[in-house]
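One structure below.
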Amino acid sequence: MIITKAEYFKDYKLLITFSDGVTNIFDFKNLVTSERKEYQPYLDITKLKKFKIQRKVNCIAWGQENYMQIPGYILYSGKRSSKGWYLNETAAELKKRIPKKFYYEMFVDNNVWAGIYEIIDLLDGDTNAGLFFRKFNDGTGTNNYLFEIFSNNFGLKIKLYQFGLEYELVVKNFGSLSYSVFFEKDILGGDLKGKNLKNYEALFKSVCGLIKKDRKSLNTRFGTLNI
């Protein structure tokens, strides 16, 4: 989808409008805090605000040599598509318009969302991963659920609530991260938190590598969460 307009929103977020009328709020914080050195200068909000739309290649770019550029198809994000924010729409209006079925895909941090999908893809054929994914993909329901993946080297817990999600990842001798969003309180969600968070990409890649290397040593659990 073609980017037609982009403007600074707040923090590390831009408000981006596409040719079909969809408006998406995209958070760049986890990009500029990643291990990619060419992205790190844009931790400076003043520099982050100096973006441009590269219409020939349909992306948002920064710097004379386009040191950081994010293509439109990522910014549009298939998970939001026609369910995205409308221009000038308030949070209250959005929540009224969007069924709870789509809350996870609307409000969960882009990096967390993508990470969940990638890990589930690596666990193809696992019964518990399949049960979790169906609940996650179907959207919020009347129950709360806990999904766990663990081995001697890492542990991942994802809690699905009726109106929220919590995510915790710990990698032995490497780092950790946590994230939570509660749709009735703060639909934009919180920030990723954790030890060695600046190396988020490496942290996540290490988990994917561990899964690929030795699936037989992994354990998974999925069930109802009583709170």
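What follows draws every value from the coordinates through simple rules; no lab data is involved. Given the structure is predicted, the values throughout are model-derived calculations rather than measurements. Cβ placement follows ideal geometry from the backbone for every residue including glycine, while neighbour counts extend to all protein chains displayed.
A compact table of results
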read-out	value
Loop-resident sites, region 1-78, for GluC sites (Glu not before Pro), counting at most 11 other Cβ within 10 Å (DSSP)	GLU65
GLU7 paired with PHE150, simple spin-label distance in nm, labels 7 Å along Cα-to-beta-carbon	4.8 nm
Cross-link table LYS52/LYS212; LYS50/LYS157; LYS5/LYS159; LYS50/LYS172; LYS159/LYS212, entries beyond 30 Å C-alpha to C-alpha	LYS52/LYS212; LYS50/LYS157; LYS5/LYS159; LYS50/LYS172
Cβ charges +1 (Lys, Arg) and -1 (Asp, Glu), total dipole of region 110-184, debye	160 debye
Inter-site label distance for TYR73 and LEU225 at 7 Å from Cα along Cβ, in nm	3.3 nm
Net charge over other residues, Cβ less than 11 angstrom from the Cβ of ASN153 (K, R count +1; D, E count -1)	+1
Proximal charge balance of ASN58 [Cβ under 15 Å; K/R count +1, D/E count -1]	+3
Ranked packing of 163-170, 39-46, most packed first, by mean Cβ within 10 Å	163-170, 39-46
Relative contact order of region 1-78, defined on C-alpha pairs under 8 angstrom at six or more residues apart (%)	24 percent
